Amino acid sequence: SQDLEKLPAQNRTILDAVKFVPGVVGVRANMTTGIATEGQPSFRGEGEEGNNWIVDGLSVSDVRVRSFGVRVNVDAIDEIQVISDSFNPEFGSAYGGIINMVTKSGSNNWSGEFSLLFTDKGLQAAKESQLSIVSEPTHFSDYNSYFNLGGPLIKNKLWFFCSDNFYRNAKETSSSTIDYLAIPGGKQTIMTNNLFTKLTYALNSNHNLSLTTILNKFLSQHG
């Protein structure tokens, strides 16, 4: 988890961590926003649909295209194991690679974090006309605020961990033309929120019982 915090990842996603593994290709990033969600990783040339995504022992791969079917906050991940070569039969359901993730649990010590990462249009230079692409926004603003909290509900017995990520993405385009075709300007704002919670109960010194909830909520879209 300490290594994940240091990754040079603009969008703070699991894909941002997987793309650094040797032998992984196919993770394409949007050159405007830096978001690494426009292509799934490919292992050993097996293509984007050959992978299996596992969270706490449960496969969460999309049933059709085998992509990462459930969005998990990067703050909620304690460990990522990326297996790009041969793997044991118990993993299965893959002919490419295995992305195996373990989520964080609370402990007897309280811990919390709040942060805001943003790219505002006021910090961007104007686009040069000879380099402009009509389909790309003239300006964009990305805001990602996240809040993490963990600690004991009952010491040595019951712990909790909570991670909440709020995203606000805004794009703004200017009116332009391509030959005889007029392209109108406009604005679009999309807001989403992703909540991860986990309760961990110690049955005894060797066995824990965990309950995990992930809520990915589309809040609104304007424009």
Residue set N11, N73; condition at pLDDT below 75, of a type in the set (S, T, N, Q) and within 14 Å of the chain's Cα centre (by Cα); output residue N11
Handout entry: Residue check for F140: in a strand (DSSP E or B) and surrounded by fewer than 12 Cβ atoms within 10 Å (Cβ to Cβ)
Key = no
Exercise for the section: Determine whether I54 is within 20 Å of the chain's Cα centre (by Cα), farther than 16 Å from R12 by Cβ and outside any loop (DSSP other than H, G, I, E, B). Expected result: yes
Counting only residues in the range 164-186 that are open to solvent by less than 50 Å² (accessible area, probe 1.4 Å) and of a type in the set (G, A, S), the one farthest from G122 (Cα to Cα) is identified as S176
Those residues of the range 74-125 which are assigned to a loop (DSSP other than H, G, I, E, B), open to solvent by 70 Å² or more (accessible area, probe 1.4 Å) and more than 23 Å from K155 (Cα to Cα) amount to D85, S86, N88, P89, E90, S93, Y95, A125
Pairing a residue in the range 202-223 that is at negative phi and part of a loop (DSSP other than H, G, I, E, B) with any residue that is open to solvent by 100 Å² or more (accessible area, probe 1.4 Å) and at pLDDT 90 or above, where Cβ atoms lie under 8 Å and the two sit 6 or more apart in sequence or on different chains, gives L203/L209
query = On the given criteria, is L158 of a type in the set (A, V, I, L, M, F, W, C), over 23 Å from the mean Cα position of the chain (by Cα) and modelled with pLDDT of 90 or more?
reply = yes
A202 vs (1) modelled with pLDDT under 90; (2) more than 18 Å from the chain's Cα centre (by Cα); (3) open to solvent by less than 50 Å² (accessible area, probe 1.4 Å): all pass except (1)
Looking at E5, is it modelled with pLDDT of 80 or more, surrounded by fewer than 14 Cβ atoms within 10 Å (Cβ to Cβ), more than 12 Å from the chain's Cα centre (by Cα) and not aliphatic (A, V, I, L, M)? no
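The values are calculated or read from the model by the stated rules, or taken from the named source; none is laboratory data. Only a predicted model underlies this, so the values are computations on that prediction, with no experimental measurement involved. Here Cβ is always computed from backbone atoms with ideal geometry, including for glycine, and neighbour counts include all displayed protein chains. SASA here: full protein model, heavy atoms, side chains in, ligands and nucleic acids out. Shrake-Rupley method; radii C 1.70, N 1.55, O 1.52, S 1.80 Å.
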